[in-house]
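Since the structure comes first, as structure tokens, the remarks are kept for the end.
The values are calculated or read from the model by the stated rules, or taken from the named source; none is laboratory data. Since we're looking at a predicted model, the values are computed, not measured. Please note: Cβ atoms are built from the backbone with ideal geometry, for glycine as well, and neighbour counts cover all protein chains shown.
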Amino acid sequence: MPDASPLLVVEDLRTHFFTRRGVIRAVDGVSFTLHAGETLALVGESGSGKSVTCLSLVRLVPEPAGRIVGGKVLLGGEDLLQKSPAEMRRVRGKQIAMVLQDPMTSLNPSLTIGTQVGEVVRLHQRLRGRALRERVLESLRRLRISAAETRLGQYPHQFSGGMRQRVSSAIALSCAPRLLIADEPTTSLDVTIQAQYLDLLKEVQASAGVAVILVTHDFGIVAANADRVAVMYAGRIVEMGTTLQVFNAPAHPYTRALLRCLPDPALKRQQLVEIGGQPPDLAQLPPGCPFAPRCPERQPHCDQAVPPSVRVENGHVASCWLASAAPA
Amino acid sequence: MARRRDVPWFASAVLGALVLTAVLAPFLAPHDPTAGDITTKLIPPVWMERGSWDHPLGTDRFGRDVLSRIIYGSRISLLVSLIAIGVAGTFGTTLGLISGYRGGLTDAVLMRLTDIGLSMPTILIAVVMVAVSEPSFRNVVLVIALLLWPRFTRQIRGETLAVKEQDFVALAVVAGRSSAWIISRHIFPNVVPTLLVISTLQVGYVILLEGTLSFLGVGVPPPNPAWGLMIADGRGFLATAWWISLFPGLAMVLTVLAVNLMGDWLRDHLDPKLRQLGSRATVLEAPTSATLGTAVEEAPIRAGAGGSGG
């Protein structure tokens, strides 16, 4: 895949929030690329800028406090940040779709499922009557909604959480997007449903060739679903590589710390490890590496300058002074 | 789930009877409500001396049958309420939806307009407005609507603010929907319960306002049998012929009471459904009147559960 031109190129994206406390650099120079059919996982602590990155891609940053202050978002070669609101609306509907965290509020409680799926299909495929109904049923069945015919006339509160999330996904995928942004889609599902849902998503993704940005803080989900991982910290991507590279040879101390936090089933009674300290205040970032105050491998010069992104391996980069020296 | 006992029987009965009365007025009224006969003036109700079944609730100073006038008066009260609330509701809701959804400058301007509307001295404005124009049915309706719309705008805007934060609105934006579409398809259906509640609660207010205006002589012009007008008519005879004022007054009290009871009931039953937008449905469903005693004891736990949900 690396030779084909990427579907999505994000270059030096910066989204800041202008508040009374000062400028919050929620996303501060994020760059990544994504190919068709590929899944990129964005991981990191709460407040590391994962969700704001996603919202920036579709230009839904809450205004007027938040603003995209710089960078490029190239989807199929076109810069989304340069588009007029009307053009943007067309792109959103046709090319990008989203699945959000809470399946309870992703569906309109006062419209039937059939109406809600049908509206999207009608908008994008200009179908009516029987053909429309068939199409709606098909997209529900694709997401394994059983008894789809009877389900059409039902309201969201008659569905379980997992089913609602599948219906949301059916809506998102029914307009055949090229990019699907899934912002913690499984957080509110229980574990068995999570696995089912993600397998299903993977299946649908493979058959439709959709590129997926998967936001999560669950490394288990990353390992099972993502082709590549980007670890975010304080609004920046501190490490990015294929899932194998990042898991086998994490080059950034933060990634290593995150991975150490995972409970290891091989050990019987163990203490859960945590990362000491607090995530930095995004309004008052230290001049050096934002992770330096919590970093166990901190060097004197870490406090002086922000470390550049260093190539560790082919396709594996990390922003750490020690990265190039880290065991590969 | 269905709580039959909770249905407000009294309010439903009164309102049902009222609507039937208004619709069937020509068949129910024993006399022409506007035709007077001096020879039968000031006849007392049937149970008093001189009273007769011909005029069960007596007659007024022109000899018009009080019962027939009350029956026909229900039409005026209902029509004025329905039309005024329809007009004010449509206008107010539209502005509220736009104000809440757009936010920013639009919201600021519309909300200041609403503040102005809400701070108008109701009776004074109504009297002035009707005084400069002819008192007529249409003008009464317009004046009441003018005084009423800000109440809708204010509430619907608040509700819109809450609905608009829901994910399905953000997803509709991502799906490339226009603002007009999102407002009408995604936000409006979710504020309908609130709209119903406000509308019902306004009916009582409108009936009283119309009564007040008619009483002051700037409402529905005579000889129309408006309840307020009838109360005003009997003012000079309170000591001798109290029935002229009392019975329309009673009709008004009963109607307003029933409407307000109904509105309260609707509010209690529709609002939690609206909150069900989120995942708190079960928490809100829990404390019914039957479990109120235990609900109070469990209050801290319940508050904790609600907090983590939100």
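Looking at the structure I just gave you, is B:R235 closer than 30 Å to B:W265 by Cα and without any contact (Cβ under 8 Å) to a residue 24 or more places away in the chain? Quick ask: steps written out before the conclusion?
Working: closer than 30 Å to B:W265 by Cα: no; without any contact (Cβ under 8 Å) to a residue 24 or more places away in the chain: yes.
No: the conditions fail for B:R235.
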In the range A:171-194, residue nearest to A:L60 (Cα to Cα) [restricted to those that are surrounded by fewer than 22 Cβ atoms within 10 Å (Cβ to Cβ) and modelled with pLDDT of 85 or more]: A:D183
The listed residue being in a helix (DSSP H, G or I), touching a Leu at 6+ places or on another chain (Cβ under 7 Å), within 14 Å of another protein chain (Cβ to nearest Cβ) and at pLDDT 90 or above, out of B:P193, B:P189: B:P189
Candidate set from the range B:161-186 (those that are in a loop (DSSP other than H, G, I, E, B) and surrounded by 15 or more Cβ atoms within 10 Å (Cβ to Cβ)); member that is nearest to the other protein chains (Cβ to nearest Cβ): B:G176
Meets criteria (closer than 30 Å to A:L285 by Cβ, more than 12 Å from chain B (Cβ to nearest Cβ), loosely packed, with under 15 Cβ neighbours inside 10 Å and free of Cβ contacts under 8 Å to residues at least 40 places away in the same chain) for A:D12: no
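Kindly indicate whether A:L55 is buried (at least 19 other Cβ atoms within 10 Å of the Cβ), within 14 Å of chain B (Cβ to nearest Cβ), of a type outside the set (V, I, T) and over 24 Å from B:Q166 (Cβ atoms).
Details: buried (at least 19 other Cβ atoms within 10 Å of the Cβ): yes; within 14 Å of chain B (Cβ to nearest Cβ): yes; of a type outside the set (V, I, T): yes; over 24 Å from B:Q166 (Cβ atoms): no.
No, not satisfied.
So that you can scan it fast, the table gives a plain yes or no per residue for (1) among the aromatic types (F, W, Y); (2) touching a strand residue (DSSP E or B) at 6+ places or on another chain (Cβ under 6 Å):
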site: B:T40; (1), (2): no, yes
site: B:Y72; (1), (2): yes, no
site: B:L105; (1), (2): no, no
site: B:L110; (1), (2): no, no
site: B:I116; (1), (2): no, no
site: B:A126; (1), (2): no, no
site: B:V132; (1), (2): no, no
From A:L100, A:L40, A:L80, A:L107, residue being over 26 Å from A:L189 (Cβ atoms), out of contact with any Gly (no Cβ under 7 Å at 6 or more places or on another chain) and buried (at least 20 other Cβ atoms within 10 Å of the Cβ): A:L80
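Have a look at A:R59, A:R20, A:R89 and point out the one that is touching a helix residue (DSSP H, G or I) at 6+ places or on another chain (Cβ under 7 Å) and without any contact (Cβ under 8 Å) to a residue 40 or more places away in the chain.
Working: A:R20 fails: touching a helix residue (DSSP H, G or I) at 6+ places or on another chain (Cβ under 7 Å); A:R89 fails: touching a helix residue (DSSP H, G or I) at 6+ places or on another chain (Cβ under 7 Å).
One residue alone meets the criteria, A:R59.
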Test: B:P45 is in contact (Cβ under 8 Å) with a residue 12 or more places away in the chain and touching a strand residue (DSSP E or B) at 6+ places or on another chain (Cβ under 8 Å): no
Search result, residues across the range A:74-104 that are within 7 Å of chain B (Cβ to nearest Cβ) and at pLDDT 85 or above: A:I96, A:A97, A:M98, A:L100
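Scan the range B:187-201 and give yes if some residue there is more than 30 Å from A:V91 (Cα to Cα) and over 16 Å from the mean Cα position of the chain (by Cα), otherwise no.
no
Okay, residues lined up against (1) within 24 Å of the chain's Cα centre (by Cα); (2) aromatic (F, W, Y); (3) at pLDDT below 80; (4) buried (at least 22 other Cβ atoms within 10 Å of the Cβ):
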{"residue": "A:T216", "(1), (2), (3), (4)": "yes, no, no, yes"}
{"residue": "A:G220", "(1), (2), (3), (4)": "yes, no, no, no"}
{"residue": "A:R228", "(1), (2), (3), (4)": "yes, no, no, yes"}
{"residue": "A:Y233", "(1), (2), (3), (4)": "yes, yes, no, yes"}
{"residue": "A:R236", "(1), (2), (3), (4)": "yes, no, no, yes"}
{"residue": "A:F247", "(1), (2), (3), (4)": "yes, yes, no, no"}
{"residue": "A:A257", "(1), (2), (3), (4)": "yes, no, no, no"}
{"residue": "A:A266", "(1), (2), (3), (4)": "no, no, yes, no"}
{"residue": "A:P290", "(1), (2), (3), (4)": "yes, no, no, yes"}
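Tell me, which residue of the range A:58-73 that is among the charged types (D, E, K, R) and over 18 Å from the mean Cα position of the chain (by Cα) is farthest from the other protein chains (Cβ to nearest Cβ)?
Start the filter on the range A:58-73 by keeping residues that are among the charged types (D, E, K, R), which leaves A:59, A:63, A:67, A:72.
Pick out the ones that are also over 18 Å from the mean Cα position of the chain (by Cα) and you get A:63, A:67.
Working: A:E63: 9, A:R67: 14 Å.
It comes out as A:R67.
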2 or more residues among the basic types (K, R): qualifying helices (runs of 4 or more DSSP H) within the range A:188-261: A:253-260
Which numbered condition A:E134 misses (of (1) out of contact with any Pro (no Cβ under 6 Å at 6 or more places or on another chain); (2) modelled with pLDDT under 85; (3) not polar (S, T, N, Q)): (2)
Single match in B:G219, B:G158, B:G211 (criterion: surrounded by fewer than 22 Cβ atoms within 10 Å (Cβ to Cβ) and either outside any helix (DSSP H, G or I) or more than 14 Å from chain A (Cβ to nearest Cβ) (or both)): B:G158
Neighbours by Cβ (under 7 Å, 6+ apart or cross-chain): first from the range A:122-146, within 19 Å of A:A206 (Cβ to Cβ) and free of Cβ contacts under 8 Å to residues at least 12 places away in the same chain; second of a type outside the set (K, R) and buried (at least 16 other Cβ atoms within 10 Å of the Cβ): A:R141/A:A148
